[in-house]
Amino acid sequence: MSAVYILWKRELIRYFRSRARLVGSLGQPLLFLVALGFGLGPVFAKAGQGNYFQFLGPGVVCMGILFTGVFAGIQVIWDRQFGFLKETLVAPITRFEIMLGKTLGGATVAFVQGVFVLILSMLIGFKVEHILMIPVALIAMFLVALFFTALGISIASVLQDMQGFQLIMNFVVQPVFFLSGALFPLSGVVSFLSIISAVDPLAYGVDAVRGSLTGITHFGLVTDFTVLIVISAVILTIGSYLFSRVEA
């Protein structure tokens, strides 16, 4: 497992060496928190739904994890185009170890990104209702990071260029985020949106983080964590298979 550790460490070094990437990745979550949190807060309150910033905070945290985790798959395409992937593939380690190391590295980066966004939202005004449930929320955040990093790498494993990756991400990431219940409550929505949200993996992550930090849940924490664990195991299996067929 030393190879997995080395690949995991390399992904972390890539992230923390790039200060522009570190700071820039907080821009979009900050925009959502300020523009939507304070802009739509009065409307949300008048509708009798309470404090919108409290509702929005966990959703924006998961948004930061989603985008950071999925776009970790870009590293696979970059490594292939510049020849770094070939050097990795010829190393005396299995493809599974390579994929696992990259996935854990990208998931850790996405998780750290989520922690930064959570701290940022708390500084702006988000209040954690259940302090003792913070470790549970962190576990949910890591499961979300693990799933979407593995998904990004799986997709990148079957693509040859950056343009194709961007195209697929636009048809995957945006719908997954907007239909996850991160921006609006899932209770009371029209039936077709309710069905779509029920098969949206991010919806369970958002619900788990929100339920842990604020006590507001839609599916229930047991259901949330069961789904997150199962789908993470499934996508890791699929990703391992797809990555084993990658040609540098």
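Here are the numbers for the structure shown:
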{"item": "Charge-dipole axis of the chain as Lys and Arg at +1 and Asp and Glu at -1 on Cβ define it, positive-most pick from LEU228, LEU213, SER121", "result": "SER121"}
{"item": "PHE171-THR223 FRET efficiency (beta carbon distance; Förster radius 25 Å; 0.05 resolution)", "result": "0.40"}
{"item": "Structure-derived percent of Cα pairs over 34 Å apart: which label, when the choices are (1) 35; (2) 25; (3) 16", "result": "(3)"}
{"item": "Helix 95-124 vs. the chain, principal-axis angle (Cα, 0 to 90°, nearest 10)", "result": "30 degrees"}
{"item": "Pair ILE134, VAL230: separation of 7 Å Cα→Cβ label points (nm)", "result": "3.2 nm"}
{"item": "Sites PHE178 and TYR241 - FRET efficiency at Förster radius 30 Å, r taken between beta-carbons, to 0.05", "result": "0.50"}
{"item": "Estimated [θ] at 222 nm from DSSP helical runs (n ≥ 4, -39500 (n - 2.57)) normalised by residues in the chain, nearest 500", "result": "-24000 deg cm²/dmol"}
{"item": "Theoretical FRET efficiency, 1/(1+(r/R0)^6), r = Cβ-Cβ of ILE6 and LEU40, R0 45 Å, to 0.05", "result": "0.50"}
{"item": "SER191 versus MET122: modelled label distance in nm, points set 7 Å from Cα along the beta carbon direction", "result": "4.3 nm"}
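All of the numbers you see were taken from the coordinates with simple rules; none came from a lab. What you see is a predicted model, and the numbers here were worked out from it, not measured in a lab. Every residue, glycine among them, receives a Cβ derived from its backbone with ideal geometry; neighbour counts consider all protein chains shown.
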